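What follows is calculated from the coordinates using simple rules that are stated; it is not laboratory data. The shown structure was predicted, so the numbers you read here are calculated from the model rather than taken from an experiment. So basically every Cβ, Gly included, is an ideal-geometry build from the backbone, and we count neighbours across all protein chains shown.
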Amino acid sequence: LVINLGTDLEFNPSPEPLLGPPASRHWVKLWSSDEPQYGGCGTAVLDSDENWRIPGMAAVVLYPLSTATVRC
């Protein structure tokens, strides 16, 4: 669970090791308070090649998915 009660944050580089997923996994968004059904504009990918972008005034639930899992 990532909660940001301030303004948008950009971690580049991302110095916080606790933001990293477990070994051989990557983060997948399960839920976000910034989605349109809650009055937001939608949530972009948090963990990308550009490091972390955490939206302000939002909460996001992430799940560590195995990198071996086939995406459809």
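Some points to look at:
- Comparing 2, 15, 55 along the charge dipole axis of the chain, the residue lying farthest to the positive side is 2, per the Cβ-charge model.
- Cβ-placed point charges (K, R +1; D, E -1), dipole of the chain about Cα centre in debye, nearest 20: 300 debye
- As a length-normalised measure over Cα pairs under 8 Å and 6 or more apart, the relative contact order of the chain settles at 50 percent.
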